[in-house]
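A short write-up of the structure that comes next.
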Amino acid sequence: MSRIGKLPITLPANVDLTVAADNLVTVKGPKGTLSTLVDRDITVASEDGTITVNRPTEQKRHKALHGLYRSLINNMVVGVSEGFRESLELIGVGYKATVAGNTLELSLGYSHNIFLALPAEVKATAVTEKGKAPLITLESNDKQLIGQVAAKIRSLRKVEPYKGKGVRFVGEVVRRKAGKTASK
């Protein structure tokens, strides 16, 4: 049995889950509505505030899908009840970030500013405090979407290993390299 797939999902009181005839799982909560299409072989059952995901056989494909769909449904339940948050920091002289509506403006040491249009489901805030690195905070109910947007922002200026400059996740550990040293 899959370690992840066999775990039941507890449904919070303010979250509602429905499974349509074509295996479309829809989760509604205070932070919004999310839905995903589950493979036709996997069954999703909801009883007494707990959700269980079951597979028909022990085939390798069914084992893989079992844990996958359990994780996806759990992420949807957590997203519509609590939401997800990602924080990125800009390390570098003159690096800045500002948010106007759903557009993120980044100054990352290039000759021009970068304007990034954010999806409507993602809310961003940029904070710049004196003496600290600028901080970008992303909030959304969709874990996959927020991770994709954060990875896109990080890819605009990846952290370099010599000085540690670039865009990084808060708490990310960067392996530093020693630079060249003068010989003799």
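For a straight C-alpha distance cut-off of 17 angstrom, the aspartates and glutamates reachable from residue 63 (same-chain residues fewer than eight places away being disregarded) are 39, 41.
Taking the Cα centre of the chain as origin and charging only Cβ (+1 Lys, Arg; -1 Asp, Glu), how large is the dipole, in debye to the nearest 20?
Working: 28 positive and 17 negative charges, 299 e Å.
Computed about the Cα centre, the dipole is about 1440 debye.
With a ≥ b ≥ c the root eigenvalues of the C-alpha gyration tensor of the range 4-82, is it rounded (a/c under 1.5), prolate (a/b larger than b/c) or oblate? In terms of gyration-tensor shape, prolate. Model label points for residue 87 and residue 173, set 7 angstrom from Cα along the Cα-to-Cβ axis, are 1.9 nm apart.
Prolate is the label for the range 84-169, because a/c, from the alpha-carbon gyration tensor with a ≥ b ≥ c as root eigenvalues, is 1.5 or above and a/b exceeds b/c. With both labels modelled 7 Å from their Cα along Cα-to-Cβ, the residue 23 to residue 47 distance reads 2.1 nm. Each label point was placed 7 Å from the Cα along the Cα-to-Cβ direction; for residue 148 and residue 37 their separation is 1.5 nm. Distance distribution P(r), the chain, all Cα-Cα pairs, bin width 10 angstrom from 0: 9, 28, 24, 20, 14, 4, 1, 0 percent.
If DNA, RNA and ligands are ignored and the probe is 1.4 Å, what is the ranking of 62, 112 by accessible area, most exposed first? Let's see the in-between values first.
Numbers: 62 10, 112 100 Å².
Solvent-accessible surface, decreasing: 112, 62.
The figure for residue 163 is an accessible area of roughly 140 square angstrom, using a 1.4 Å probe on the protein chains alone.
Top to bottom by accessible area (1.4 Å), largest first, where do 26, 10, 50 land? All intermediate terms of the calculation are to be shown ahead of the outcome.
Working: 26 25, 10 100, 50 50 Å².
Most to least solvent-accessible, the answer reads 10, 50, 26.
The values are calculated or read from the model by the stated rules, or taken from the named source; none is laboratory data. Note that the structure is a prediction, hence the values are computed from the model and not measured. A quick note on method: Cβ atoms are made from the backbone with ideal geometry, for glycine too, and the neighbour counts reach across all protein chains shown. These accessible areas exclude ligands, DNA and RNA; they are computed on the full protein's heavy atoms, side chains included. Shrake-Rupley method; radii C 1.70, N 1.55, O 1.52, S 1.80 Å.
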